[in-house]
Structure formats: structure tokens, C-alpha cells
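The values are calculated or read from the model by the stated rules, or taken from the named source; none is laboratory data. Given the structure is predicted, the values throughout are model-derived calculations rather than measurements. Every residue, glycine among them, receives a Cβ derived from its backbone with ideal geometry; neighbour counts consider all protein chains shown.
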Amino acid sequence: MSNIISCIIVDDEAIAREVIATHLSKIDAIEVKAQCKNALEAFNYISNYKVDLVFLDINMPEISGISFAKSINKSIKIIFTTAYRDYAVEGFDLQAVDYLLKPIAFERLLKAVNRYFEINTESKEVELKTTENNSFIFVRSNRRMLKVDFNSILYIESYSDYIKIHLKDNTIVTRETISAMEAKLPKRNFIRIHRSYIIALSKIQSFNSEGITLNRRTLPFSRSYKKEVLKLLENY
């Protein structure tokens, strides 16, 4: 078996395909061979080329992901990707490797890929490219996947079950935990200063022992982060 896993992404939404492809670009052991906007395109591809793994949306026009999964060779593994929980039982009945709910965080996708490796190879972990080379992420807001450049972020604020991503001219609200978002950000550009705040280092206007000012707003330190953050800033 080749060390490189050949996969395709099947989803009728172009942005959803791009999000998954962007996540997978961080994983050296997987190569995205094709992106298909419907099941028919996927059928045609796997009829002509070797495919190990399919990232498969369920709710697609004409031929659903479930119908597609039932019809292909069982040696091709499936990771379902969908915005609907209702299909989970049927998805696992088809012996899918995993079932991912949109919006799909990189960490959750990585867990699914490692599950594939545990099932199909002797590899225990997937080698990653550094996230420091990434310049953007996608987040779901108002039923759309929005591209957010790291250099446009001022700070991120926890808001109940959501986070607010504050940009210079607007704010994006997305359902995500601040800790999950922190894991996606390049550590050289962002720092957590409070259980509720992550700030962009390049956007700091001033700071003192009480907090950090950026974009004319002062954000407080929390006790658990204060000492480490001040030490970093004083030597930055």
C-alpha cells in the first residue's frame, strides 16, 4: 500500500469543498486527487482512477451521498461530511470511518483521518505541515463559509457558545469555542490573554499591567494569563 492516501472530496457546495481541501493540504500523508460537485462526477472519477478515501457530503441533488456510498466498492473508505445530524446512524451503518458535522474544524477532521490510518495502516499519527505557513481560515456564519485572513483579525472574543471575530471594519459571529479557535491560529501571531480573549500581537497599540489596548478598546488580562503575557510582551 502506498504511503500516500488518494482521496476525493464530493460536495455540491464549492466553499465546503475548499474548506476540506484546505484542511487536507496540511496533512502530508493525504493527496486530494479530485473535487467533485455531485455523485455522478465522483462515479466517473473512481471508475477510472484509484481512490482510497472519499470525503462525502450526504445531502446532494439527484444522488445522495448515502446512495453513492452504498454503490461503490467497499474497499473505498468513506468519511461523511454534512450539516445534518439526522443521517449519523445511517452513515455509521454503512461502516463509515467517521461522520463530520459542518462547520468542520481542522482538529476534528484530523481525528477522522487518524481513525482511517488506525483502521487501514500501521501508522498511528498523521504528519502535519506547520500551521505557521497558513494565512487564513474558513468559518461558518449565517449559513455561509467565510474566508478570514489572519492579518485582518484584531481580536477574538468568547460569547457563550459562539465567538466573535473582530476585524477592523466588521465582526463575524460563528459557533465555535475559543479554545478550538486558538488551536487554529499561528502562535507567532496571536496570544490568549484571558479565558474570553485572543488578540493579534501586531494590532497592539499599548499595554500596561491591567490590560492591552487595540483599536481604541482595552481588553483585560485574566489572572492565569497575566504573568506569561506580560513577560512575552516585554521581550517581544
So which of Ala39, Ala69, Ala29, Ala88 ends up being among the small types (Gly, Ala, Ser), within 19 Å of Asn114 (Cβ to Cβ) and modelled with pLDDT under 95?
Ala29
Could you check the stretch 129-236 for strands (runs of 3 or more DSSP E) lying wholly inside it with 2 or more residues that are modelled with pLDDT under 90 and charged (D, E, K, R)?
144-149
Counted residues, the stretch 178-236 - those being among the charged types (D, E, K, R) and touching a helix residue (DSSP H, G or I) at 6+ places or on another chain (Cβ under 7 Å)
3
Residues being closer than 16 Å to Ser64 by Cα and either small (Gly, Ala, Ser) or outside any strand (DSSP E or B) (or both) - total across the stretch 18-45
8
Is it the case that the stretch 145-154 has a residue that's surrounded by fewer than 19 Cβ atoms within 10 Å (Cβ to Cβ), free of Cβ contacts under 8 Å to residues at least 40 places away in the same chain, among the hydroxyl-bearing types (Ser, Thr, Tyr) and touching a strand residue (DSSP E or B) at 6+ places or on another chain (Cβ under 6 Å)?
yes
On the given criteria, is Ile5 within 23 Å of Ile119 (Cα to Cα), touching a helix residue (DSSP H, G or I) at 6+ places or on another chain (Cβ under 6 Å) and not hydroxyl-bearing (Ser, Thr, Tyr)?
no
Whichever residue in the stretch 191-214 is touching a residue at least 40 places away in the same chain (Cβ under 8 Å) and surrounded by 13 or more Cβ atoms within 10 Å (Cβ to Cβ) and, among such residues, is farthest from the chain's Cα centre (by Cα):
Leu214
